[in-house]
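Here's the structure, in structure tokens; my notes come after.
Computed from the coordinates by the stated procedures, all read-outs in this text should not be read as laboratory data. The structure presented is a predicted model; accordingly, all values stated were derived computationally and were not measured. Here Cβ is always computed from backbone atoms with ideal geometry, including for glycine, and neighbour counts include all displayed protein chains.
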Amino acid sequence: MEVTARAPGKIILAGEHAVVHGYTAVASSIDLHTVASLRLRPDGEDTINLQLKDVGLDFSWPIQKIKEVVAHLGSPFSSTPTSCSLEIIKSLTALVDEQSFPEARIGLASGVCAFLWLYTSILGFKPATVIVTSQLPVGAGLGSSAAYCVTLSAALLAFSDSVKVDMSQKGWFIFKEAEVELLNKWAFEGEKIIHGKPSGVDNSVSTFGNMIKFKSGSMTRIDSNMPLRMLITNTKVGRDTKALVANVSSRKSKHPEVMGCVLNAIEFISEEWSTIIQSHALDDLSLATNEERLIELMEMNQGLLLSIGVSQAAIETVLQTTMKYKLASKLTGAGGGGCVLTFLPIQLSEAIVDKVVGELESFGFQCFAAGIGGKGVQISFDSSP
Ligand SMILES: Nc1ncnc2c1ncn2[C@@H]1O[C@H](COP(=O)(O)OP(=O)(O)O)[C@@H](O)[C@H]1O
Ligand SMILES: C[C@@](O)(CCOP(=O)(O)O)CC(=O)O
Ligand SMILES: [Mg+2]
């Protein structure tokens, strides 16, 4: 029996970073997914195998070895989501390092630690092969870390005693509500290992899908009444969410009053975003007025993100390029590189979009569109041998 789980990435429309400090963010799922398949190995085999196809890494740990490393810390197996202590992270990192992790890919090590923590906590020491693939660029602001943790948590829970699923069901489906909440909590624990101090917005939107407003750990679903088109430009400049979040926190402790005002301003931007997107535009004129307001909010949000130190040269190149076409852009996710969103008004001609894309791609950036606001995590079973 094999289970496959898929979880979407996200865009943050307003409020990244501020959300880490208890302010509001507005985020939406996108129709690009991370997929994890998990197949239990027959009894007698004694390894846990993890294949990360996008980054070309393949790990195999004898169960006995994992037991030796984590069991002395007490059985990590737990029916309620628990945080991975620093001591366990150290032990898990030793397990990852033993597999001669390539130096250039050391940032990926925390993702492998998150896997080991989720695996041993949810499934214990059952032998299995887990394969992860993704349509999302890794480390580019589209929430690949959250989609990875959500999809792994879903696949692991599907074979655990914590959820009750009918494995004969055909096609994609999802657990019951309380079980999805449990999954989201586990994914958050995985995100903590990768991000250090995540707000929880990314795992929540990947788990539940749609568009959400998120503040201080709780989410409200947004029912958008506006068609929304965003061009996503991947600058391909690598960055690490954990470091960017830590830098913002350090700026906040150095300049508490200034940062308080900036983050408060971002809060108002997110609130206004959520009001506008839910309002009913009765005619083309009011739709255009609403679009104009969202464009201004995006410009202000980007300015504030620059002021907290998370913009970057390639991001600024995207902004200047799209500005030539009177289009507004803002970074999405942690910034420091990664992806930028450009608001495409509904009336904008495809000819202009093509011109902007052509110019952006001439810098070596990659442009794409993504469906906004689709379903959250789903699983499916395959009983073929
Ligand atoms: N498909 C994947 N395969 C392996 N690791 C992944 C994958 N997706 C995410 N990760 C983990 O998430 C990390 C990137 O997370 P992060 O810096 O938060 O960027 P983002 O979430 O914006 O893509 C990677 O370094 C890796 O540890
Ligand atoms: C910067 C932040 O607001 C979003 C990070 O998103 P991403 O990992 O860059 O996709 C951090 C968080 O909310 O946990
Ligand atoms: Mg992330």
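Brief remarks follow.
- Cross-link partners of Lys197 among aspartates and glutamates (Cα-Cα below 14 Å; sequence separation of 8 or more within a chain): Glu16, Glu189, Asp240
- Between the Cα long axis of helix 241-254 and the first principal axis of the chain there is an angle of about 60°, rounded to the nearest 10.
- Taking a ≥ b ≥ c as the square roots of the eigenvalues of the Cα gyration tensor, an a/c ratio of 1.5 or more together with a/b no larger than b/c marks the stretch 224-369 as oblate.
- Environment charge of Asp202, counting only residues whose C-beta is closer than 10 Å and scoring Lys/Arg +1, Asp/Glu -1: -1
- Lysine pair number, Cα distance threshold 23 Å (strictly under), the stretch 224-369, separation 8 or more or different chains: 10
- For the chain, the longest principal axis of the C-alpha atoms and the axis of helix 350-361 are separated by about 60°.
- The residues neighbouring Leu152, those whose beta-carbon lies less than 15 Å from its own, together hold a net charge of +1 under the Lys/Arg +1, Asp/Glu -1 convention.
- The stretch 1-41 residues near the modelled Lys197 label - backbone nitrogen below 15 Å, point 7 Å along Cα→Cβ: 17-23
- In plain terms, the chain from Arg221 to Thr47 could stretch by 58.5 nm, reckoned as 0.36 nm per residue minus the Cα-Cα distance.
- Label separation (Lys326 vs Met1): 6.0 nm, computed from points 7 Å beyond Cα along the C-beta direction.
- Backbone N within the stretch 230-256 under 18 Å of label point (7 Å from Asp54 Cα along the Cβ vector): 232-243
- Angle between the chain longest axis and helix 177-195 axis [Cα atoms, degrees, rounded to 10]: 80
- Legend: P(r) of the chain from all alpha carbon pair distances, 20 Å bins from 0, whole percents, reading 29, 55, 16, 0.
- Candidates per trypsin sites (Lys or Arg not before Pro) in the stretch 300-385, loop by DSSP, up to 11 other Cβ within 10 Å: Lys324, Lys326
- Lys, Arg +1 and Asp, Glu -1 on Cβ, resulting dipole of the chain about Cα centre, debye, nearest 20: 440
- Taking every DSSP helix (H) stretch of at least 4 residues in the chain, weighting each as -39,500 (n - 2.57) and dividing the sum by the residue count yields a mean residue ellipticity at 222 nm of -13500 deg cm²/dmol.
- Cut-off 13 Å between beta-carbons: net charge of the residues surrounding Glu296, Lys and Arg +1, Asp and Glu -1: -1
- Candidate cross-link partners of Lys126 among the lysines, defined by an alpha-carbon separation under 29 Å and a same-chain spacing of 8 or more, comprise Lys53, Lys65, Lys67, Lys90, Lys164, Lys170, Lys176, Lys185, Lys192.
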